[in-house]
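Asks: Pasting a structure here, questions to come.
Values in this text are rule-based calculations from the coordinates and carry no lab data. Small disclaimer: the values here were computed from a predicted structure and weren't measured. Methodologically, a virtual Cβ is constructed for each residue, glycine included, from the backbone with ideal geometry; neighbour enumeration extends over all protein chains shown.
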Amino acid sequence: MTLTLATKDGLAAQDAARDKSPLAIRGMTVSYGQKPAVFSVDMTVEPAKMTAIIGPNGAGKSTLLKAALGIVKPLAGSTTVFGKPVARVRDRIAYVPQRASVDWDFPTRVIDVVLMGLYPQLGLLGRVRKSHRDAAQHCLERVGMEGFATRQIGQLSGGQQQRVFLARALAQDADLYLLDEPFAGVDAATEKAIIKVLKGLRDAGKTVVAVHHDLSTVPEYFDNVFLINTRRVAEGPVATTFTDMHLQDAYAGRLAGAQMDAIRAT
Amino acid sequence: MIRDALLLQLGYNATLVTLGAALLGMAAGVGGTFLFLRKRALVSDAISHATLPGVALAFIVMVALGGDGRNLVGLLTGAAVSAALGLLIVTWLSSKTRLAEDAAIGAVLSVFFGFGIVLLTVIQTMTAGRQAGLEGFLLGSTAGMLRSDALVIAVSAALTLALVLLMRRPLTLASFDPEFARSTGQNVTRTDLIMMALVLAVTVVGLKIVGLILIVALLIIPPVTARFWTERTDHVVLIAGLLGGVSAYVGAAISAAMPNVPTGPIIVLVGFALFACSLLLSPARGVVSAYLRHRAYQRQVHLRQGLLALAHGQPIYERLTLRLLRRQGWALPDGVATPEGQGRAARAMRDETRWQVIRRDPAYEAAAARYDGLTPIESVLTADQIAEVDSRIEVAT
């Protein structure tokens, strides 16, 4: 076999992987002002796996997700979801923003927030029927919040708010779930509840991608990792990619020895 | 006279004007709700002040063309154009320059309003200008309003209401969680534009009745008032529409009965009265109920602390604590527990010990999170769980 052929095969294989990938990002650059937050990043998410996006503060983890979804406008780069442009497969994507990004004193109840996940399906004027309400209620049950449907969202604890956001994503009934820091500032019971739901989604063949900040739980929670520090550092299965070398690369030596020991112990 | 006006007994024109005002008030309350929820209330102030040069220029142009300068449709078109220009400048300044939105609002508001006043002065010197009555656009006036004027206002207000009804879901989503809205493919920039168009429409239509200085109040006071009474977006919209409608109806009726009183200020004062009542009396968010809740809570805390002090045989120094214990009949004036007080103290003590146990045990984390020093543990755990906790306490002692 000639070298050119092998390269062609290789490229063809890469393209095929990208077409099948639930989320494939190519050459993504996002900049706030003159300083890039994400620079020329490629990412190919494996289907039916849980992938953690990790990296130090300000490494562009959240920005990468937002750019992939078109929430922030990238300077360059493209995203495909299941091989198609994002705009054509919105109904297969569910997104959970950071909890701190909304005003929790907003006049709305838990069940109303979950029903927002059905808005694309309801359209502008479609009536909210009992079947929709039942579906929303079922999503609340899945995150253990069924008793809170008529509470005002401001009355919830941080962990409960996060679970309501997850329930809204469940209501979207997607194939790709993108979560921005779902475990930030939540209690241990919520963390357990959320990870159980996410693993359930994965086991049902859905793909889960989460921005994650707690390195010690990565091996326990996730199948794959994507390390980023403005640029892509590494990507692959936890066993082979979540290594000292890559972590030092991503965190540029900012990881204390104690933290490294803690990760190694897991 | 006022009673006649409120009952729509002042003739066909006054009735039409009053009903038109009510529709406008509803449109303003409903449209203003999303402005309030999106936390961009002050943009409407820039929009309304930016209408003045448009009104004046439209008058000058219509007179120059040999027409009637007072034609309402013409004046409102001028107002809409210059308000849109003002809005465009605010948006451009705050998105493309380093100027923050509040500074942009302040700049646009004052410059446009100043220019408008200059133009009004110029109009005063024109022969056609003396009877123009354009000052009515500053504070609102229903005096001399034509039947066709009232119809224009009523129809535009109804159209605005219909638009809000159609766009209620995108507007809600963009106000609560714009990032999520974008992730579902919603064009939030366009939703914001529609919201601003709504506000612009209400402002322009309301110029004649409420006046440009006070129209912002009709957009903002109703939703702020409605927020006191509900925790649901759709209900805030409905209540705000109702309150806006009532304020405008009453204001316009009073002004129709007393032609020398400007309409806008009356409408705003009616709206403010409703706001003040809500601020005081709302059961969930009102000042009075917040004070009562705080006092009840404080008393509960004092009683609990007093009982625990009794259980430990400690003296009680706080006068409020002692007074509360005495009123319950749980302590004597010298701070010694009565027999009933002793029972209560022992029970409080046992409750506290049980809480300490479950707060140390990760298995009870969810329940322990509800600890506030007041909630009895029976409301969190089952009888079996309590028995299990008690068995641990016995082992420890």
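Asks: Can you list the aspartates and glutamates whose alpha carbon is less than 17 Å from that of A:Lys130, not counting same-chain residues fewer than 8 positions off?
Replies: A:Asp112, A:Glu141, A:Glu146
Asks: About its Cα centre, how strong a charge dipole does segment B:1-126 have in debye, to the nearest 20, once Lys and Arg get +1 and Asp and Glu get -1 at the Cβ?
Replies: 300
Asks: Using Cα pairs under 8 angstrom and six or more residues apart, how large is the relative contact order of segment B:288-396, in percent?
Replies: The normalised contact order for segment B:288-396 reaches 21 percent.
Asks: Something else about it: For chain A, with a Gaussian network of springs between Cα atoms less than 10 Å apart, report the residue from A:Ala76, A:Ala59, A:Ala189 with the top mean-square fluctuation.
Replies: A:Ala189
Asks: Now for a separate question. Give the share of C-alpha pairs in each 10 angstrom bin for segment B:288-396, from 0 to the last occupied bin, in whole percents, shortest bins first.
Replies: 14, 39, 31, 16, 1
Asks: Given contacts defined as C-alpha pairs under 8 Å and at least six residues apart, what's the relative contact order of segment A:2-265, whole-number percent?
Replies: Worked out over segment A:2-265, it gives 25 percent.
Asks: Size of the dipole of the protein assembly as shown about the Cα centre, Lys and Arg at +1 and Asp and Glu at -1 on the beta carbon, nothing else charged, in debye to 20?
Replies: 780
Asks: So how far, in whole Å, is the C-alpha centre of segment B:197-254 from the one of segment B:162-195?
Replies: That distance is 20 Å.
Asks: Take A:Ile53, B:Ile105 and order them by how many other Cβ atoms sit within 10 Å, fewest up front.
Replies: Ordered from fewest to most neighbouring Cβ atoms within 10 Å, A:Ile53, B:Ile105 come out as B:Ile105, A:Ile53.
Asks: Let me ask another. For segment B:114-175, run through the trypsin sites (Lys or Arg not before Pro) and keep only the ones in DSSP coil with at most 16 other Cβ atoms within 10 Å of their Cβ.
Replies: B:Arg130
Asks: Next question, about the same structure. Mind checking which of A:Phe165, A:Ile228, A:Val89 is farthest towards the positive end of chain A's charge dipole, using Cβ charges of +1 (Lys, Arg) and -1 (Asp, Glu) about the Cα centre?
Replies: A:Val89
Asks: Kindly work out what percent of the DSSP beta bridges joining two residues of the protein assembly as shown are antiparallel, to the nearest 5.
Replies: Taking every DSSP beta bridge with both residues in the protein assembly as shown, the antiparallel ones total about 55 percent.
Asks: Here is a follow-up. Tilt of helix B:188-210 relative to the longest C-alpha principal axis of chain B, in degrees (0 to 90, nearest 10)?
Replies: Its long axis makes an angle of about 60 degrees.
Asks: Suppose only helical runs count, i.e. DSSP H with n ≥ 4. What mean residue ellipticity at 222 nm does that imply for chain A under -39500 (n - 2.57) per run, divided by all residues and rounded to the nearest 500 deg cm²/dmol?
Replies: -11500 deg cm²/dmol
Asks: Also: Could you check which residue among B:Ala253, B:Ala162, B:Ala366 shows the biggest mean-square fluctuation in a GNM of chain B with a 10 Å Cα cutoff?
Replies: Highest fluctuation of the listed residues: B:Ala366.
Asks: Can you pull a Stokes-Einstein diffusion coefficient for segment B:62-164 at 25 °C (0.890 mPa s), Rh from Kirkwood over Cα pairs, as a whole number of µm²/s?
Replies: It diffuses with D of about 154 µm²/s by this estimate.
Asks: Exceeding 29 Å between C-alpha atoms, which entries from my cross-link table qualify? They are A:Lys61/A:Lys84; A:Lys35/A:Lys192; A:Lys66/B:Lys39; A:Lys199/B:Lys39; A:Lys35/A:Lys199; A:Lys66/A:Lys192.
Replies: A:Lys35/A:Lys192; A:Lys199/B:Lys39; A:Lys35/A:Lys199
Asks: Here's a follow-up. Relative to the longest principal axis of chain B, what angle (0 to 90°, nearest 10) does the C-alpha long axis of helix B:287-311 take?
Replies: 10
Asks: Next up: Please compute the contact order of chain B in relative form: average sequence separation of alpha-carbon pairs under 8 Å and at least six residues apart, divided by the residue count, as a percent.
Replies: 21
Asks: Still on this structure: Inside 10 Å of the C-beta atoms of B:32-39, what's the mean count of C-beta atoms belonging to other chains?
Replies: 1
Asks: Would you give the gap between the C-alpha center of segment B:317-371 and the C-alpha center of segment B:55-110, rounded to a whole Å?
Replies: 66
Asks: Report Rg(Cα)/(2.2 N^0.38 Å) for the protein assembly as shown, keeping two decimals.
Replies: Computed over Cα atoms of the protein assembly as shown, the ratio equals 1.22.
Asks: What translational diffusion coefficient, in µm²/s and rounded to a whole number, does the Stokes-Einstein relation yield for chain A at 20 °C and a viscosity of 1.002 mPa s, taking the hydrodynamic radius as the Kirkwood radius over Cα pairs?
Replies: D, rounded to a whole number, is 110 µm²/s.
Asks: Using the Cα centre as the reference, give the magnitude of the dipole from point charges on the C-beta atoms of segment A:188-237 (Lys, Arg: +1; Asp, Glu: -1; all else neutral), rounded to the nearest 20 debye.
Replies: Taking the Cα centre of segment A:188-237 as origin, the dipole is about 140 debye.
Asks: Taking the 0 to 90 degree range and rounding to the nearest ten, how far is the long axis of helix B:383-396 tilted relative to the main principal axis of chain B, both from C-alpha atoms?
Replies: Orientation of helix B:383-396: about 50 degrees from the principal axis.
Asks: Sticking with this one: Name the chymotrypsin sites (Phe, Trp or Tyr not before Pro) in segment B:302-362 that are in a loop by DSSP and that have at most 14 other C-beta atoms within 10 Å, would you?
Replies: Loop-located and lightly packed - B:Tyr317.
Asks: Counting only helical runs of four or more DSSP H residues, what would the 222 nm mean residue ellipticity of chain B come to if each run contributes -39,500 (n - 2.57) and the total is spread over all its residues?
Replies: The helix contribution divided over chain B gives -25000 deg cm²/dmol.
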